[in-house]
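Reviewing the structure listed below.
The values are calculated or read from the model by the stated rules, or taken from the named source; none is laboratory data. These numbers were taken from a predicted model, which means no experiment stands behind them. Note that each Cβ is placed from the backbone with ideal geometry, even for glycine, and that neighbours are counted across all protein chains shown.
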Amino acid sequence: MKLKTFRRISQAVAFLVFAGLFFLTIFPYPEKIPVDIFLRLDPLVALVSMVASRDIIITMLWSGLLLVLTLVVGRFFCGYICPLGTLIDFFDRILFKKNHRREDPQAKPNRNIKYFILGGVVAASLAGANLLHFFSPMAIAPRVMTLLVYPPLVWLGNTGIDLVRPFFSWAGFDNLVQLSLKRLYFDAAAGTFLLFAFIIIANHWRRRFWCRYVCPTGAFLSLVSRFGIFKRKVQGASCDECRACAMKCDMRAIDADPRHTVLSECTLCGDCIEGCKQHGTTIGITGLGFSNENSTLLTSRRSFFYSLFGGLASASLIKGSVSASRNINGQLIRPPGSLPEADFLARCIRCGECMKVCKTNGLQPSLWEQGLDGLWTPRLSGRMGGCEDMCNMCGHVCPTQAIRALPLNEKKFVKMGTAVIDKERCIAWEQNKLCLICDEICPTDAIEFRVVDYYTGPFKRPFVDEDRCIGCGLCENRCPVAGRSAIEVYSIGEERQKAGSYITERKKAARAIREGEERSYNADDLGGGGETLEKGKSAAPAGVNGLQEQTNEPLPGGFIVE
Amino acid sequence: MISRRRFLGAGAAAVSSTVVAPSLLSAQTAKPVVAVAKGAAADAVRKAVDALGGMGAFVQKGARVVIKPNMGFPNPPEWATTTNPEVVKIVVDLCIEAGARRVIVMDHPLRDAEICKARTGIADMLKDVKQAIVAFPDDPKFYDEVSVPGAQELKKTAVAKEVLKADVLICVPVAKSHSATGVSLSIKGLMGLVWNRQVFHEQMELNRAIAEQLYVIKPKLTIIDAMNALITNGPSGPGKVEKLGTIVASADPVAADSYTVGLARWYNREFKGSQVKHLKIANELGFGEIDIEKMDVRII
């Protein structure tokens with residue numbers, strides 16, 4: 001088999017595995033398949049996340065395998081595995097015909113840019129900032145899938161199902177009649193779209209532009225790959241210096257002397273073998289050898305410091321200026337089990353897996369509301385979906401464990417925030433309407449109704465029991481008030497623990513099932529059913545804020561008591 | 001255009017009406033029959049339905065049946081927030097015995113449908129019954145808007161297409177308390193067959209809107225699962241569960257609901273059906289009997 005054919009197959013298989021794991025990233029969690037395993041392959045993600053968070057991330061250690069393989073084989077990852085590289089090749093083939101693109105073979109390749117970026121990213125991680133969401137293929141590719149590929153695919157699928165639905169109905173396939181794929185909607189897909197569009201369109205000027213000039217993961221692997229035992233070989237005698245191989249090489253890894261290979265750039269793709277008219281080029285095992293090309297990053301002190309300062313400047317810009325993540329409005333709700341904010345940001349690579357897997361579509365990418373530092377990080381939007389009580393998927397698919405993989409029972413005790421009722425919007429408070437939806441949907445039974453004398457008279461009105469509320473936002477999701485919900489989650493009482501259990505005796509007591517508990521239901525405290533009862537039984541001045549509160553649990557307003 | 005199914009259904013209805021009409025007529029002019037059975041779930045349901053003339057009186061051969069249990073909360077059946085799976089199973093079986101061609105068991109939960117499906121145990125109970133389908137229609141495209149002539153509050157609403165298409169609707173609610181409407185039985189449960197329930201709370205008088213659903217959604221049979229009744233902290237629980245071990249069945253939904261109100265100690269007190277606003281309104285609108293004295297109660 002030709003090496004090029006083998007490479008195409010390898011790319012296709014790797015991409016199918018990547019996409020397959022992506023589509024398997026769904027509730028219920030497939031216990032036997034670690035769906036994030038592909039994303040944990042990038043050793044640079046491991047390095048940067050660990051350095052930035054000053055912690056060992058056990059789940060990421062497996063990326064060491066790629067490092068070892070690269071050491072032995074060479075920089076094969078970029079040509080054979082990388083899903084972003086495969087997408088680049090794919091779009092390159094259909095969008096830009098290679099023959100129509102002219103590259104001056106004598107021009108300096110400027111391949112050092114990516115080493116500057118690598119140096120910058122590592123320097124920024126020393127300062128505690130993780131910048132990989134802009135650069136790592138393992139952050140960009142899944143995010144593209146989540147935000148740009150999956151929602152349109154579901155829409156297409158549903159449109160197709162809708163087309164054949166009349167047939168199901170006619171043929172009596174009643175179990176298919178109600179078939180519908182769960183739709184996902186995402187905020188902030190535009191930024192990812194622009195980044196991805198740039199990655200693809202840049203191929204118009206330079207083949208594999210991103211890989212050659214930008215990708216720090218590629219740069220990191222190339223630093224290792226120089227020890228690779230697989231190398232390109234040219235039979236010296238047969239070469240007539242036609243440079244056809246150099247013209248073919250996507251990575252421009254062949255310099256002025258076509259017999260010589262820039263090993264750090266070579267992805268062992270085999271295009272040069274195809275190009276060689278003398279059939280003198282092979283790629284094979286050459287034994288251990290050390291290639292002597294070094295990037296200027298390592299040889300020039302000036303370049304090294306440029307890179308270092310560039311990274312530190314970026315980090316300080318992100319961490320220290322307008323963009324610092326401050327959660328000023330208190331409505332940044334992180335997924336349950338998220339690490340403390342600084343650690344969370346240091347680890348999160350914004351791959352989007354948590355948003356893909358989220359049962360309710362409640363996890364949304366942040367745009368600028370948390371500044372550049374919070375760009376594309378997941379936030380829980382109650383209005384979009386809230387956090388389903390019986391689901392703990394987000395932590396289990398997080399490759400860097402920015403969200404801890406908590407067992408379900410543990411996750412149920414995580415307090416993400418507290419719901420706050422906006423009395424001016426709530427129709428039970430403001431309009432004496434018999435509404436209890438927040439109570440009905442609350443998984444922790446944290447909504448209580450009390451008869452309260454408000455300015456529209458005494459009526460059964462909802463309150464939040466702050467000790468029970470976990471801030472899941474399901475109430476916010478289903479509140480019938482149009483637009484902004486009348487009950488919203490704020491990060492009051494939010495718990496973010498790096499380690500240890502979220503279950504405490506105090507919480508257990510607060511959330512104990514009220515079963516068997518005898519509560520006295522007071523008929524005099526009956527909340528009216530649409531009609532307003534006589535205002536204020538007590539002539540005494542109303543309590544603080546004009547609220548007069550009775551203590552017993554009132555009977556539902558749906559009863560008529562003589 | 002009349003589909004073949006509609007045509008056959010209409011024919012079957014015409015034939016059956018000539019056969020069954022006398023008994024139905026007498027039931028309407030005289031007292032509605034309410035069958036009350038005790039015992040193990042499956043046994044009690046069968047006895048209660050038999051007392052009403054057997055499932056054959058409601059489900060014709062080849063019929064398309066929609067069964068509406070409560071499976072709208074992701075809680076285990078013991079909480080009595082959802083219908084006992086055994087009760088649903090026997091009702092499905094009886095329909096199939098009566099010759100139903102298709103039985104669609106459906107509800108429209110507020111919480112996530114997939115999780116409700118897994119936790120309520122109903123789908124699991126029915127997985128081997130090939131005529132039965134458990135559905136949670138969760139998209140407006142599965143509902144058709146209908147106007148509700150005569151209604152004051154619920155002037156129009158979107159009802160599940162399957163319900164509009166079905167020959168028979170059987171309500172199989174669990175008996176439970178409800179923090180807005182007092183109790184949630186068969187008529188309150190009809191809200192699980194419409195698309196937009198939020199609007200009931202937001203823009204309408206809830207109790208009247210609930211009753212007015214009966215203008216467009218007409219259950220032929222109501223079988224109330226009062227094996228366990230959730231008497232406090234409904235509809236979502238957990239609350240106090242009273243073990244009644246009873247099944248209440250009737251062709252009259254108001255009578256079935258009203259009788260069940262008298263069975264349990266809701267909120268540790270005693271109520272009559274006429275003390276529940278939405279039942280009172282349903283009775284006033286002529287949808288059924290509310291006074292136990294005027295029912296033909298057959299305790300089995």
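Evaluate the range A:187-201: report whether one residue or more is under 30 Å from B:ALA113 (Cβ atoms), loosely packed, with under 14 Cβ neighbours inside 10 Å and either in contact (Cβ under 8 Å) with a residue 60 or more places away in the chain or not acidic (Asp, Glu) (or both). Checking the range A:187-201: not a single residue is under 30 Å from B:ALA113 (Cβ atoms), loosely packed, with under 14 Cβ neighbours inside 10 Å and either in contact (Cβ under 8 Å) with a residue 60 or more places away in the chain or not acidic (Asp, Glu) (or both). Looking at this structure, is A:CYS348 over 26 Å from B:CYS116 (Cα atoms), surrounded by 24 or more Cβ atoms within 10 Å (Cβ to Cβ) and away from chain B (no Cβ under 14 Å)? Criteria met by A:CYS348.
Could you please find all residues in the range A:340-389 being within 24 Å of A:GLY320 (Cα to Cα) and of a type in the set (A, V, I, L, M)? Correct list: A:ALA342, A:LEU345, A:ALA346, A:ILE349, A:LEU367, A:LEU372, A:LEU375. Looking at the range B:174-288, the strands (runs of 3 or more DSSP E) lying wholly inside it that each contain 1 or more residues that are more than 13 Å from chain A (Cβ to nearest Cβ), under 17 Å from the mean Cα position of the chain (by Cα) and not small (Gly, Ala, Ser) sit at B:174-178, B:221-230, B:241-250.
A Cβ distance below 7 Å, combined with a sequence gap of six or more or placement on separate chains, defines the contacts here; from the range B:105-120, residues that are facing chain A (nearest Cβ under 8 Å) reach residues that are among the acidic types (Asp, Glu) in the pairs B:LEU110/A:GLU440; B:ASP112/A:GLU388; B:ILE115/A:GLU388. When A:GLY218, A:GLY228 are checked against the criterion of being small (Gly, Ala, Ser), in contact with a Lys or Arg (Cβ under 9 Å, 6 or more places away or on another chain) and modelled with pLDDT under 85, A:GLY228 stands alone in meeting it. A:LYS182 meets the stated requirement of being basic (Lys, Arg), within 14 Å of chain B (Cβ to nearest Cβ) and either outside any helix (DSSP H, G or I) or at positive phi (or both). A:TRP376 falls short on exactly one of the conditions (1) in a helix (DSSP H, G or I); (2) under 11 Å from the mean Cα position of the chain (by Cα), and that condition is (1). If the condition is being of a type outside the set (A, V, I, L, M) and out of contact with any helix residue (DSSP H, G or I) (no Cβ under 6 Å at 6 or more places or on another chain), then the range A:250-268 contributes A:ASP250, A:ARG252, A:ASP255, A:ASP257, A:ARG259, A:HIS260, A:THR261, A:GLU265, A:CYS266.
Listed conditions (1) within 14 Å of chain A (Cβ to nearest Cβ); (2) under 29 Å from A:PHE559 (Cα atoms); (3) charged (D, E, K, R) are all met by B:LYS155, apart from (1). Taking each residue of the range A:317-328 that is at pLDDT below 70 and looking for partners that are in a loop (DSSP other than H, G, I, E, B) with beta-carbon atoms closer than 6 Å, six or more apart or interchain, yields A:SER323/A:GLY371; A:ALA324/A:GLY371; A:SER325/A:GLN370; A:SER325/A:GLY371. Only residues that are small (Gly, Ala, Ser) and buried (at least 23 other Cβ atoms within 10 Å of the Cβ) were counted across the range B:64-105, and they come to 3. Does any residue of the range B:131-149 turn out to be at pLDDT 95 or above and among the polar types (S, T, N, Q)? Yes: one or more hits.
Restrict the check to the range B:114-123 and report whether at least one residue is among the aliphatic types (A, V, I, L, M) and within 20 Å of B:ILE223 (Cα to Cα). Yes, the range B:114-123 contains a residue that is among the aliphatic types (A, V, I, L, M) and within 20 Å of B:ILE223 (Cα to Cα).
When the range B:65-84 is limited to residues that are closer than 16 Å to B:CYS171 by Cβ and not in a loop (DSSP other than H, G, I, E, B), the one that is farthest from the other protein chains (Cβ to nearest Cβ) turns out to be B:PRO69.
Going by the structure shown, is B:ILE290 surrounded by 24 or more Cβ atoms within 10 Å (Cβ to Cβ) and under 17 Å from B:LYS68 (Cβ atoms)? So B:ILE290 does not fit the description; no. Flag not set for A:PHE38, criterion: at pLDDT 95 or above, within 30 Å of A:ASP389 (Cα to Cα) and surrounded by 13 or more Cβ atoms within 10 Å (Cβ to Cβ). Identify, from the list A:SER264, A:SER238, A:SER222, the residue that is among the hydroxyl-bearing types (Ser, Thr, Tyr), assigned to a loop (DSSP other than H, G, I, E, B) and either surrounded by fewer than 18 Cβ atoms within 10 Å (Cβ to Cβ) or under 28 Å from the mean Cα position of the chain (by Cα) (or both). Selected residue: A:SER238, the only one of A:SER264, A:SER238, A:SER222 that is among the hydroxyl-bearing types (Ser, Thr, Tyr), assigned to a loop (DSSP other than H, G, I, E, B) and either surrounded by fewer than 18 Cβ atoms within 10 Å (Cβ to Cβ) or under 28 Å from the mean Cα position of the chain (by Cα) (or both). The C-beta contact set for the range A:269-284 (first residue assigned by TED's automatic domain parsing to the domain that holds A:CYS249 and within 13 Å of A:GLU241 (Cα to Cα), second residue surrounded by fewer than 18 Cβ atoms within 10 Å (Cβ to Cβ) and among the hydroxyl-bearing types (Ser, Thr, Tyr), distance under 7 angstrom, 6+ apart or interchain) comprises A:GLN278/A:SER238; A:GLY280/A:SER238.
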